[in-house]
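The values are calculated or read from the model by the stated rules, or taken from the named source; none is laboratory data. Bear in mind the structure is a predicted one, so any value in this text is a computation, not a measurement. Note that each Cβ is placed from the backbone with ideal geometry, even for glycine, and that neighbours are counted across all protein chains shown.
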Amino acid sequence: MKKTLIVKFFFLMMVFALVSCSERGPIGPEGPRGPQGPSGPEILPIAFEFNATLNAATGFEHFQDIPTQIDVFDSDIVLVFVLEDYIPEDDLEVWRKLPVIEFNNRGTLLFDYDFTLIDIRLFLDANYNLGGSDGFQDVLIRAVHVPVDFLAKARSNDSIKDIKTFDELESYLGVTIQKLDL
């Protein structure tokens with residue numbers, strides 16, 4: 001009885017081995033196309049502007065809430081630009097990306113920022129004690145929320161760190177960045 005079971009098992013294994021080694025049959029016709037699914041969200045970069053004062057009275061920092069219309073996720077980035085100049089004859093705004101480093105007769109002054117999911121903090125830092133003559137009064141700031149999902153679709157061989165101006169950012173992303181009116 002035991003021998004019979006072993007022979008049957010061995011025979012079954014041989015059949016499975018031979019069947020699995022056979023050639024594949026012809027490919028059948030393509031089935032009907034299914035319905036078009038809903039398109040995913042197209043999340044584009046959004047910019048918003050605000051004025052900031054960084055002086056001794058504010059502790060050389062400014063906090064700005066990110067507008068509630070903008071959903072910032074952990075993987076997203078926020079870039080911040082400061083209006084550096086305006087050329088009236090060409091009606092051109094000149095934007096500079098933070099951080100900005102200024103060298104003066106007392107040392108080095110850094111104008112920089114950090115951000116969370118809910119706010120942006122602008123701050124001044126220096127290698128000397130900041131005083132009343134340091135700081136900025138009512139500077140125009142433009143913050144740009146760049147969803148990382150959108151950024152992944154951009155050219156991967158370029159580095160976003162090399163971008164210096166707001167116009168270069170729009171050119172890099174290949175879109176006109178929507179400005180949010182606050």
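One residue stands out among those in region 140-169 that are out of contact with any Phe, Trp or Tyr (no Cβ under 9 Å at 6 or more places or on another chain) and modelled with pLDDT of 80 or more: the one that is surrounded by the fewest Cβ atoms within 10 Å (Cβ to Cβ), which is GLU168.
Just one of the listed residues (PRO29, PRO41) is at pLDDT below 70 and part of a loop (DSSP other than H, G, I, E, B), namely PRO41. Once region 96-114 is narrowed to residues that are among the charged types (D, E, K, R) and surrounded by 14 or more Cβ atoms within 10 Å (Cβ to Cβ), the residue that is nearest to GLY135 (Cα to Cα) is ASP112.
State which residue is surrounded by the most Cβ atoms within 10 Å (Cβ to Cβ) when the search covers only region 64-92 and only residues that are in a loop (DSSP other than H, G, I, E, B) and either hydroxyl-bearing (Ser, Thr, Tyr) or in contact with a Lys or Arg (Cβ under 9 Å, 6 or more places away or on another chain) (or both). Working first, answer last.
The initial filter retains those residues of region 64-92 that are in a loop (DSSP other than H, G, I, E, B), namely 66-76, 88-91.
In the following step, the residues that additionally are either hydroxyl-bearing (Ser, Thr, Tyr) or in contact with a Lys or Arg (Cβ under 9 Å, 6 or more places away or on another chain) (or both) were identified as 68, 75.
Details: THR68: 7, SER75: 10.
Among them, the one singled out is SER75.
Within region 45-70, the set of residues being without any contact (Cβ under 8 Å) to a residue 24 or more places away in the chain and within 23 Å of the chain's Cα centre (by Cα) comprises just one member, THR68.
When residues in region 115-124 are screened for being assigned to a loop (DSSP other than H, G, I, E, B) and surrounded by 14 or more Cβ atoms within 10 Å (Cβ to Cβ), 0 of them pass.
Taking region 105-131, which residues are without any contact (Cβ under 8 Å) to a residue 60 or more places away in the chain, closer than 15 Å to VAL82 by Cα and not aliphatic (A, V, I, L, M)? Hits for region 105-131 are PHE111, ASP112, TYR113, ASP114. The residue pairs whose first member lies in region 166-182 and is of a type in the set (Asp, Glu), whose second member is surrounded by 14 or more Cβ atoms within 10 Å (Cβ to Cβ), and whose beta carbons are closer than 6 Å, counting only pairs six or more residues apart or on different chains, are GLU170/ILE177.
Restrict the check to region 125-138 and report whether at least one residue is at pLDDT 80 or above, hydrophobic (A, V, I, L, M, F, W, C) and outside any loop (DSSP other than H, G, I, E, B). Yes, region 125-138 has at least one match.
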